[in-house]
Amino acid sequence: MVKRLSSVETLGSTDVICTDKTGTRTLNRMQVVRLWAGHADVPPDGHRTPPLARMAEAMAACNNARLDGDSGTSGDPTEIALLAAAAGLGEALGPARREAIRAAEFHFDPGLKLMSTIDRYPGTLRVHTKGAPEAVDAYAASGLRVLAFAARDLGTTLPRDRQDAERDLCFLGLAAMLDPPRPEVADAVARNCRTCSAPPRCHRSCC
């Protein structure tokens, strides 16, 4: 690991250059670019099918960001992107309604890589869960960040703990997100490569 690329001039060759990305090489402005639900891979273009409607509900419910308000949009960039995609699909679950129906929340756990909320619906409680899927296939190969969504109706009894809540879930779909690179990134990387006489070749997953 080096701070200055010129420090590696004495190496025989350089095959891969790894650099800090989020918020420096990218805009830190996540956006959902693909959705997978109901055995279909689609862009988030507002075409609301029943599977996408259930997924949009989960994306809005299992979320703590806000798209508007007195202070404007606020929250984690990933959650803001999910809210924007849900709104684009016609999901009307706003912050006030979301907080009113929420019965419990299990915050994101780095070990489990999951976050869940338990929400009140007529006649039942429903758990909404989002987290990292075990395999992301082509989405990962394209440099996209992927989150999976699932849900389960619980009846009227609140689960004892998250282990009791986050079981027997019904898979709803996947959301693939992209943090666009800053416009000046390609030129900056190429300029640094020329400084140390390394031929610049940018891989799609990083730029």
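The values are calculated or read from the model by the stated rules, or taken from the named source; none is laboratory data. This is a predicted model, so every value here is computed, not measured. All Cβ positions, glycine included, derive from the backbone under ideal geometry; neighbour counts span all protein chains shown. These area figures cover heavy atoms from the full protein model, side chains too; ligands, DNA and RNA do not enter into them. Shrake-Rupley method; radii C 1.70, N 1.55, O 1.52, S 1.80 Å.
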- Message: Against the condition out of contact with any His (no Cβ under 8 Å at 6 or more places or on another chain), closer than 28 Å to THR157 by Cβ, of a type in the set (A, V, I, L, M, F, W, C) and touching a residue at least 24 places away in the same chain (Cβ under 8 Å), how does ALA96 come out, does it pass?
- Response: no
- Message: Criterion first (in a loop (DSSP other than H, G, I, E, B), at pLDDT below 95 and under 16 Å from the mean Cα position of the chain (by Cα)) does GLY111 satisfy it?
- Response: no
- Task: Tell me, please, whether a residue that is part of a strand (DSSP E or B) and touching a Cys at 6+ places or on another chain (Cβ under 7 Å) can be found in segment 129-149.
- Result: yes
- Task: Check whether at least one residue in segment 129-147 is modelled with pLDDT of 95 or more, out of contact with any His (no Cβ under 9 Å at 6 or more places or on another chain), under 22 Å from ARG160 (Cβ atoms) and buried (at least 16 other Cβ atoms within 10 Å of the Cβ), and report yes or no.
- Result: yes
- Any residue at all in segment 81-92 that is of a type outside the set (Ser, Thr, Tyr), surrounded by 16 or more Cβ atoms within 10 Å (Cβ to Cβ) and modelled with pLDDT under 90? no
- Is segment 28-45 home to any residue that is open to solvent by 80 Å² or more (accessible area, probe 1.4 Å), touching a strand residue (DSSP E or B) at 6+ places or on another chain (Cβ under 9 Å) and modelled with pLDDT of 75 or more? yes
- Flagged in segment 72-108 as part of a loop (DSSP other than H, G, I, E, B) and closer than 25 Å to ARG34 by Cα, in numbering order, are THR73, GLY75, ASP76, LEU89, GLY90, GLU91, ALA92, LEU93, GLY94
- Query: How about segment 153-170: which of its residues are under 21 Å from the mean Cα position of the chain (by Cα) and surrounded by fewer than 19 Cβ atoms within 10 Å (Cβ to Cβ)?
  - Reply: LEU169, CYS170
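Working only within segment 53-80, note down all residues that are aliphatic (A, V, I, L, M) and surrounded by fewer than 22 Cβ atoms within 10 Å (Cβ to Cβ). Reasoning before the result, please.
First, the residues of segment 53-80 that are aliphatic (A, V, I, L, M): 53, 55-56, 58-61, 65, 67, 80.
Listed by number, the residues that qualify are ALA53, ALA65, LEU67, ILE80.
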